[in-house]
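Step one of this worksheet: look at the structure below.
Please treat every number below as a calculation from the coordinates, not as lab data. Everything numeric in this text was worked out from a predicted model, so none of it was measured. As a convention, Cβ positions derive from the backbone with ideal geometry for all residues, glycine included, and neighbour counts pool all protein chains shown.
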Amino acid sequence: MQKRIALKVNGRPVQIEIDIRESLLDVLRDRLQFTGVKQGCSVGECGACTVLIDGVPVNSCIYLAAWADGKSVTTVEGIAQDGRLSPVQEAFVEEGAIQCGFCTPGLVLSTTALVESGKRFTHDEVRRELSGHLCRCTGYQKIIDAAERALREAEAASE
C-alpha cells in the first residue's frame, strides 16, 4: 500500500510516495540519497542509522517512514552550516574520534542532540547517552572526549 508523506529533511520540505512498510532509513538513503545514514544491523542495535526526528535521536532502521509524516528529520548532511562543519563535527575531528567513519554520523547526531538540549551532563551520563552506538575502531574514549568537548564549548559559548 502506498502513502504520500510530507516532511522536512534538513530543513527542506519533501513530499514523497512511500510503501507503508518502508523504513525511514530506506527512504532517506536509497530514495533521497542521504548516504550519511548508514545501514548497520537493521534491528536498532548499532546506531549507524541514527537521525534526529524533531531533535530526538532515532534509529531510522526501525522507524517507519510513514511515522515521519509532518515531522522534521535531520541527517548528518544537515548539520553543517554554510559549508562549515558544525561545532560537534569539529570536536570529533579535533579529538580524533573518527576512524572508518561508519558509526560517526550517528554519534555526531546523538551528540548534537545532547548539545542542543542545553543540559549539563556528567561523564557517566555522556557515556550512557551514547551507549546505543557501536564502534569497532576507536575504543570509545575519543568519542566520549569529543562529545564532552562539544558540550564544554557549547556551554562556554552560551555564557
For this session: Give a residue-ordered list of calculated ³J(HN,Hα) values for the range 54-66 (Karplus: 6.51 cos²θ - 1.76 cosθ + 1.60, θ = phi - 60°; whole Hz; x for Gly, Pro).
Result: 6, x, 10, x, 9, 6, 6, 6, 10, 10, 5, 4, 4
Seminar exercise, completed: Restricting to aspartates and glutamates and to Cα separations under 15 Å from K38, and discarding same-chain partners fewer than 8 apart, the set is D26, D30, E77
Exercise. Hey, fewest Cβ within 10 Å first, where do T74, T35, T50, T122 land in order?
Worked result: T122, T35, T74, T50
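Multiply the residue separation of R152 and V56 by 0.36 nm, subtract the distance between their alpha-carbon atoms, and state the gained length in nm to one decimal. If you can, show how the numbers build up before the last one.
Details: separation 96, 0.36 × 96 = 34.56 nm, distance 2.04 nm.
Taking 0.36 nm per residue and subtracting the Cα distance, the gain is 32.5 nm.
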For this session: Show that you can apply the helix-only estimate: for the chain, add -39,500 (n - 2.57) for every DSSP H stretch of four or more residues, divide by all residues, and state [θ] at 222 nm to the nearest 500.
Result: -9000 deg cm²/dmol
